[in-house]
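The values are calculated or read from the model by the stated rules, or taken from the named source; none is laboratory data. Bear in mind that the values here come from a model prediction, so they are computed numbers and not experimental data. Using ideal geometry, Cβ is built from the backbone for each residue, glycine included, and neighbour counts are taken over all protein chains shown.
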Amino acid sequence: MQTTLVLVDGEHHPPVTRQAIERAQEAGHLVVAALLVGGTEKLGEGELPDLGVPVTALVGRLMPGVAAAIAEHRPATVLDLSDEPVLGYRERMQVAAAVLAAGVVYEGPDFTLRPPPMERPPAGLPTLAVIGTGKRSGKTAIAGDVARRAITAGLRPVIVAMGRGGPEEPSFVEAGTVTLATLRALAREGGHAASDYLEDAITTGAATVGARRAGGGLAGAPYTSNVVAALSLAAAHEPDLAIVEGSGAAIPPIAWDAGILVVPATCPVEYLTGYLGPYRLLRTDVAIVIMAGGPVPGSEDPSLTSHLRDALGDARVVVTDLTPMPLADVAGRDVFLATTAPDLVAERQAASLAENQGCRVVGWSNRLADRRGLVVDLDAAGPYDVLLTELKAAAIDVASERALAAGAEVVFVDNRPVMRDEGADLATTVLGVIELARERSRLR
């Protein structure tokens, strides 16, 4: 039998709830306790119902209260016998987040939610996860920033990046070994030459490991992945820190030591307050709001940052924007920019490059993820000396090949976070979460 904590409410007549608990026990649940989550219609003031099992009342806010009850009773399953209006649609998802974050199954009359797998990292390897709310949320930019700051602090980090186009077997890349030539060769062999681990290797100076995943569940679990094997491969090279990068809204199946959640400024607040957004927050130590300058400067919803600060505290939320940084000097040259950014953001990137790098941006395309459209844009471009391209999507097999054929040089451009407000400092926050990962690693 599975040990079970049941959630009940005072809107049900107690004998009805007691009978439901008896049915649950007949079905294989060993009910160790009941948590009264609210409702008084069928109860006297301050009354706890007689349900045949120990009953306690929820204390404080919903998610912490459920988490505290789980910590006390240590069930394998939480069985929800409550109903609306005590636990409505949003409240149910908050309960689900708290239960899954505790590594416990959440079950109801017509649903079963299982916690995403969380394999323990290799002993002695501090593990810091960088996860996001969806595709192109800025995870790679933040993972790269963490890696560069770790190197500056005298550490030897390795980035483990899982992606939808990652290698079949985990692939280790030594720092400084990835070049345009090796990427072109990989593309000719049919490989994904713009996979995140290759971008990380190009932009950070750190060693990287490529992994793959398919699918993504409500709480971010991949259907299949080789991330655990990739982390073991990384550990074999004895780094001081593993930075494990999520993919889209999918999260690495690892019980990481510390976590950073990357949230675009355009993210709907409901993605954090509703659905299973709270689950990601519960597994997060720091939130970094990114791309706070657009698409239209000032268009971001201020309630997004307010919610994050309410959930995590002011010192654990940083608001940033991204600025393009060429990986070679392009001053005085005519450049064509290839990016995945939306139109208005691409215009801002072009203006930033002209102002800060001293180049002349003679054209740009934001259709790196649209191969046919990218070909149209490149073929319509006037003469340029340098193709400045993000290492994403069709950067190698389309953009670089056409640029080289036209006699232009190819320079990769990295998008790097910069502060946007006077709140928590990016450098201090990142170094703090690195140290938190190392401290927790020593304690496990």
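Any chance the range 279-287 includes a residue that's more than 19 Å from the chain's Cα centre (by Cα) and either surrounded by fewer than 22 Cβ atoms within 10 Å (Cβ to Cβ) or free of Cβ contacts under 8 Å to residues at least 60 places away in the same chain (or both)?
Scanning the range 279-287 turns up no residue that is more than 19 Å from the chain's Cα centre (by Cα) and either surrounded by fewer than 22 Cβ atoms within 10 Å (Cβ to Cβ) or free of Cβ contacts under 8 Å to residues at least 60 places away in the same chain (or both).
Need the failing condition index for Pro85 against (1) under 30 Å from Ala265 (Cα atoms); (2) out of contact with any helix residue (DSSP H, G or I) (no Cβ under 6 Å at 6 or more places or on another chain), just the number.
With respect to (1) under 30 Å from Ala265 (Cα atoms); (2) out of contact with any helix residue (DSSP H, G or I) (no Cβ under 6 Å at 6 or more places or on another chain), Pro85 is out only on (1).
Filtering the range 351-369 down to residues that are among the aliphatic types (A, V, I, L, M) and in a loop (DSSP other than H, G, I, E, B), which residue is nearest to Asn415 (Cα to Cα)?
Once the filter is applied, the top-ranked residue is Leu368.
Just to be sure, is Leu322 at pLDDT 90 or above, buried (at least 23 other Cβ atoms within 10 Å of the Cβ), touching a helix residue (DSSP H, G or I) at 6+ places or on another chain (Cβ under 9 Å) and more than 28 Å from Pro64 (Cα to Cα)? Explain how you work it out, then say what you get.
Values: at pLDDT 90 or above: yes; buried (at least 23 other Cβ atoms within 10 Å of the Cβ): yes; touching a helix residue (DSSP H, G or I) at 6+ places or on another chain (Cβ under 9 Å): yes; more than 28 Å from Pro64 (Cα to Cα): yes.
The answer is yes for Leu322.
Out of all the residues in the range 370-386, is one or more part of a strand (DSSP E or B), under 27 Å from Gly205 (Cβ atoms) and outside the structural domain of Thr284 (by TED's automatic domain parsing)?
There is at least one residue in the range 370-386 that is part of a strand (DSSP E or B), under 27 Å from Gly205 (Cβ atoms) and outside the structural domain of Thr284 (by TED's automatic domain parsing).
Determine which single condition Leu100 fails, assuming it passes every other condition in (1) under 28 Å from the mean Cα position of the chain (by Cα); (2) at pLDDT below 95.
Answer for Leu100: the failing condition is (2).
So that you can scan it fast, the table gives a plain yes or no per residue for (1) crowded, with 18+ Cβ neighbours inside 10 Å; (2) modelled with pLDDT of 95 or more; (3) in the same structural domain as Ile290 (by TED's automatic domain parsing):
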| position | (1), (2), (3) |
| --- | --- |
| Gly138 | yes, no, yes |
| Gly144 | yes, yes, yes |
| Ala147 | yes, yes, yes |
| Gly154 | no, yes, yes |
| Val158 | yes, yes, yes |
| Gly166 | yes, no, yes |
| Ser171 | yes, yes, yes |
| Thr177 | no, no, yes |
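Tell me which residues, restricted to the range 100-134, are more than 30 Å from Glu435 (Cβ to Cβ) and either touching a helix residue (DSSP H, G or I) at 6+ places or on another chain (Cβ under 7 Å) or in a loop (DSSP other than H, G, I, E, B) (or both).
Kept after step one, since they are more than 30 Å from Glu435 (Cβ to Cβ), are these residues of the range 100-134: 105-114.
Scanning the range 100-134 gives Tyr106, Pro109, Asp110, Leu113, Arg114.
Residues that are in a loop (DSSP other than H, G, I, E, B), surrounded by fewer than 19 Cβ atoms within 10 Å (Cβ to Cβ), out of contact with any Pro (no Cβ under 8 Å at 6 or more places or on another chain) and among the basic types (Lys, Arg): does the range 78-97 have at least one?
Looking through the range 78-97, none of the residues is in a loop (DSSP other than H, G, I, E, B), surrounded by fewer than 19 Cβ atoms within 10 Å (Cβ to Cβ), out of contact with any Pro (no Cβ under 8 Å at 6 or more places or on another chain) and among the basic types (Lys, Arg).
For Thr389, are the conditions met, namely being touching a strand residue (DSSP E or B) at 6+ places or on another chain (Cβ under 7 Å), in contact (Cβ under 8 Å) with a residue 60 or more places away in the chain, among the polar types (S, T, N, Q) and under 27 Å from Pro157 (Cβ atoms)?
Judged against the criteria, Thr389 is not a match.
Test Arg371 against the stated conditions and say whether it is charged (D, E, K, R) and touching a residue at least 40 places away in the same chain (Cβ under 8 Å).
So Arg371 does not fit the description; no.
Residues being in contact with a helix residue (DSSP H, G or I) (Cβ under 8 Å, 6 or more places away or on another chain), assigned to a helix (DSSP H, G or I) and over 19 Å from Leu183 (Cβ atoms): count how many of those fall in the range 387-432.
Selection size over the range 387-432: 5.
Restricting attention to helices (runs of 4 or more DSSP H) lying wholly within the range 199-290, give those where 1 or more residues are within 27 Å of Ala187 (Cβ to Cβ) and modelled with pLDDT of 95 or more.
227-236
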